Amino acid sequence: MNEGLNDIVSALRRREVWLYFALSDTKARYTRSMLGPWWITLGTALGVLGLGFVWSAVMNIDLSIMLPNLAVGLVLWFMISGVISESAGCFSHQSAIIRNYSLPFFIHSLRLLMKHLVNLFHNFSIVLVVFSIYGFPGFFGALWALLGLLIVIVNLGWISLLVSTLGARFRDLGPAIDALMPMLFFLTPILYKRSDIAASVPWFNYNPIATLFSLVKNPLVSLPVAPHEYLSMSLLGLAGWGVAALVFGHSKRNIVFWI
């Protein structure tokens, strides 16, 4: 476990490396493109508008309620699902760097996480446009949402490291996660309120992804804020980092052979 912790700490200290890699990944994807990374934002905006108009009609919900709910939900979903899905191949996709350069392995997980955070900040412009039309959340709601986002990032960090480590050893993990993502989409309160489902499906309250979602989404769309959920997800983050550091530390010496 100590070897894993040393790698994590060393990677965090070398922020200039994973920040540079993350920004380079974003720029390289849209080289010679007129809009650059704003194509991500355009695609998300079209998804918000399309799903918003359709689901507001299907569920008989006013657009002033549906669009803010959907904008925040989709922007968060693209970040969370993107990190989880791509983490399975994180180490194997960076095999050339891992074999030829003496860098902490966790740098590659941080690189992936930061890339999706850059995308999140681009996509958040959609949320700002929707809020400018239908009204911004209160000051304290924004503070709760920022705290929730921090807790989400902390939890995504250990999830990414754990999935990256297991994905290097078990190559079927990536396709398995991709197959589960559509189901997870509908189990996450993106198109609906979490309280609407939890009232009839009690176990839905124990869905950690739904709870993480609520930490950011609820205060932004004027839904009730549950302080105990911020505490429980913080404790989950601590426990998750312990498990991830243990598994990663035990497997680190073998990763170079697995990839």
> Using a cut-off of 20 Å between alpha-carbon atoms, which lysines can reach residue 115, once sequence neighbours fewer than 8 places away in the same chain are excluded?
Replying inline: 27
> Put a dot 7 Å past each Cα toward the Cβ at residue 59 and residue 102; how far apart are the dots in nm?
Replying inline: 5.4
>> Looking at the calculated P(r) for the chain, what percent of the C-alpha pair distances fall above 33 Å?
In response: 22
>> Between helix 2-13 and the chain, what is the angle of the helix's C-alpha long axis to the longest principal axis, kept within 0 to 90° and rounded to the nearest 10?
In response: 60
> Quick one: if you stick a label point 7 Å off each Cα along the C-beta vector at residue 228 and residue 128, how many nm between them?
Replying inline: 3.7
> Can you give the angle from 0 to 90° between the axis of helix 63-87 and the longest principal axis of the chain, with both taken from C-alpha atoms, to the nearest 10?
Replying inline: 10
> Lys/Arg Cβ at +1, Asp/Glu Cβ at -1, dipole of the chain taken about the Cα centre: which of 183, 256, 236 is farthest positive-ward?
Replying inline: 256
>> Just want the answer: with Cβ charges of +1 for Lys and Arg and -1 for Asp and Glu, which residue in 222, 63, 89 is farthest toward the dipole's positive end in the stretch 2-258?
In response: 89
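Taking the beta-carbon count within 10 Å as an exposure proxy, list 186, 136 from fewest neighbours to most. Provide the component values of the computation, followed by the final result.
Numbers: 186 10, 136 14.
By the 10 Å Cβ count, ascending, the order reads 186, 136.
Quick one: if the Förster radius is 30 Å, what FRET efficiency do residue 5 and residue 172 give, using the C-beta to C-beta distance and rounding to 0.05?
0.60
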> Exactly which chymotrypsin sites (Phe, Trp or Tyr not before Pro) in the stretch 88-174 are in a DSSP loop and have at most 12 other Cβ atoms within 10 Å?
Replying inline: 101, 170
>> Could you work out [θ]222 nm for the chain from helices alone, using -39500 (n - 2.57) per DSSP H run of at least four and dividing by all its residues? Round to the nearest 500 deg cm²/dmol.
In response: -27000 deg cm²/dmol
>> Helix 106-134 against the longest principal axis of the chain: what's the angle in degrees, Cα atoms only, rounded to the nearest 10?
In response: 10
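Bear in mind that the values in this text are calculations on the coordinates, not laboratory data. What you see is a predicted model, and the numbers here were worked out from it, not measured in a lab. All Cβ positions, even for glycine, are placed from backbone atoms using ideal geometry, and neighbour counts span all protein chains on display.
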